[in-house]
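For reference, the structure is listed below as structure tokens.
The values are calculated or read from the model by the stated rules, or taken from the named source; none is laboratory data. Keep in mind it's a predicted model, so treat the numbers as computed, not measured. Neighbour counts are summed over all protein chains in view; Cβ atoms, including those assigned to glycine, are modelled from backbone coordinates with ideal geometry. Only protein heavy atoms, including side chains, enter the accessible area calculation; ligands, DNA and RNA are left aside. Shrake-Rupley method; radii C 1.70, N 1.55, O 1.52, S 1.80 Å.
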Amino acid sequence: MAQPTMAAGFAAALLDYADSRGAPRARLLAESGLKEADLADQDARVPVAAYQALIAAGIEATGDTALLLRHTFETKLETISVVGQIVHSSQSLTHSIAQLNRYLKLMAEVDIVGAPDRFELLQENGAVWIVDHIAVAGPDYIGLEASFARFISEFRRSFPDVPFALEMEVTYPPPPHAAEYPNLFCIPVQFEAARNALRIDSVWLSDDSEFEPGHAYSFGIFTRHADALLDALGRSDLLRYRIEAAILPDLHEGSLSMDKLARDLGMSRQTLYRRLKAEGETFAEIHDDLRRRMALDYLTARKVSVNEAAYLLGFSEASSFVRAFKRWTGQSPTAYLDRAR
């Protein structure tokens with residue numbers, strides 16, 4: 001199974017925050033295995049494990065176990081992720097929760113227990129609850145407390161004069177910074193409860209709620225962008241895209257080791273073949289198609305010579321590359337470039 005990933009915007013924002021509180025930036029990057037380039041695009045993907053390592057490094061450097069919690073209360077979701085833009089242009093709380101569930105994967109890939117969606121808006125004995133069905137184990141509580149903090153902080157900021165959160169139930173025991181909960185959450189909290197849930201004022205489900213009518217134009221722009229990101233992320237789950245990412249740096253070597261590829265992907269050679277067969281693919285087809293696409297990219301976008309392209313794609317001779325290019329396009333590389341000009 002591919003390791004879960006998340007939006008780089010969250011890691012970038014936390015890195016900046018920890019840096020501002022005195023944590024050595026270079027040390028945080030080194031201990032998380034991240035580079036500045038990994039965080040330049042907030043929509044890029046980074047491993048969830050790297051983000052967790054960044055949190056741990058930030059806590060160790062600052063001595064503040066509530067580092068992520070404070071960061072969450074002090075930042076705006078719309079500056080970190082397109083999901084924040086979508087939520088803020090939604091039509092109602094119900095609509096907002098639906099969008100969160102729809103685009104959750106863009107923020108982070110997480111395990112959910114006992115429900116089809118992570119967040120459930122539940123009316124119970126006259127009370128309204130937001131239930132979080134994320135799987136929580138050990139130090140994972142940090143992500144859960146930040147999730148509820150995000151709900152509270154966004155509503156506090158947008159509707160400062162209207163009550164939102166009333167009480168909170170969490171399955172984890174009191175954390176090291178539990179004494180700071182009253183000042184941060186400002187609501188009663190029950191630890192070691194049977195579920196993870198946030199009770200909110202029922203006004204948010206009434207016609208009198210402070211939600212403004214949704215901004216349809218903005219909502220459409222943001223959701224189109226988010227849908228494109230979801231599509232790309234979904235495609236990246238396919239084994240062929242994982243294989244392409246693994247072999248691209250070694251494409252110039254020509255002959256690639258299936259055993260090494262299988263190890264790099266964390267599976268046996270037999271499992272690799274079986275998974276490829278299930279997707280209706282072969283390694284030879286994936287390798288050949290990647291060479292074809294990279295050949296077009298090298299010749300047209302990067303303007304390398306035919307001999308250089310042949311080397312970069314792992315062909316031992318330029319003539320072999322020319323034959324392959326004719327098979328791919330029906331033309332020689334020179335003829336193709338003459339038509340493209």
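Accessible surface computed residue by residue for the chain, with neighbouring protein chains in place and a 1.4 Å probe, gives 50 Å² per residue.
Volume per residue for the chain equals 180 cubic angstrom (convex hull of Cα atoms).
Which loop trypsin sites (Lys or Arg not before Pro) in the range 280-325, with loop taken from DSSP, have no more than 14 other Cβ atoms within 10 angstrom of their Cβ?
Working: sites: Arg291, Arg292, Arg293, Arg302, Lys303, Arg323; in loops: Arg302, Lys303.
Counting only loop positions with at most 14 other Cβ atoms within 10 Å, the trypsin sites (Lys or Arg not before Pro) in the range 280-325 are Arg302, Lys303.
Taking the C-alpha atoms only, the angle from helix 141-158 to the longest principal axis of the chain is near 70 degrees.
Note on the chain: lysine pairs with Cα distance below 26 Å, sequence gap of 8 or more or different chains, count 6.
Put simply, the range 239-295 fits an ellipsoid with semi-axes of 18, 13, 9 Å; these come from the alpha carbon gyration tensor as the roots of five times its eigenvalues, largest first. Measuring from centroid to centroid over Cα atoms, what is the spacing of the range 122-158 and the range 279-341 in Å? Cα centres, the range 122-158 to the range 279-341: 51 Å.
To the nearest 20 Debye, how big is the dipole of the range 11-112 about its Cα centre, given +1 on the beta carbon of each Lys and Arg and -1 on that of each Asp and Glu?
Working: 9 positive and 13 negative charges, 29 e Å.
Taking the Cα centre of the range 11-112 as origin, the dipole is about 140 debye.
The distance from the alpha carbon centre of the range 1-40 to that of the range 170-187 is 25 Å, rounded to a whole number. Highest mobility in the GNM of the chain, judged by mean-square fluctuation with C-alpha springs under 10 Å and restricted to Gly22, Gly33, Gly330, is found for Gly330. Have a look at Gln42, Gln123, Gln91 and tell me which one the Gaussian network model of the chain (Cα, springs below 10 Å) gives the largest fluctuation. Result for the chain, Cα springs under 10 Å: Gln123 fluctuates most.
The value of relative contact order for the chain, using C-alpha pairs under 8 Å at least six residues apart, is 13 percent.
Quick one: pull the percent of accessible area on the chain belonging to carbon and sulfur, 1.4 Å probe, ligands and nucleic acids left out. Display every interim value, and only then the final one.
Numbers: 8900 of 17210 Å².
Whole-percent figure for carbon plus sulfur exposure: 52.
Taking Val82, Val306, Val162 in turn, the Gaussian network model of the chain (Cα-Cα springs below 10 Å) assigns the largest fluctuation to Val306. For the range 250-341, the list of GluC sites (Glu not before Pro) that fall in a loop by DSSP and count at most 13 other C-beta atoms within 10 angstrom reads Glu279, Glu317.
Based on Cα contacts under 8 Å between residues 6+ apart, the range 86-156 shows a relative contact order of 20 percent.
Report, in degrees rounded to the nearest 10, the 0 to 90 angle that the Cα long axis of helix 8-20 makes with the longest principal axis of the chain. Roughly 60 degrees between the two axes.
Summarising the amide proton neighbourhood of Ala193: residues at separation of 5 or more, or on other chains, whose placed amide H is nearer than 5 Å comprise Val170, Thr171, Tyr172.
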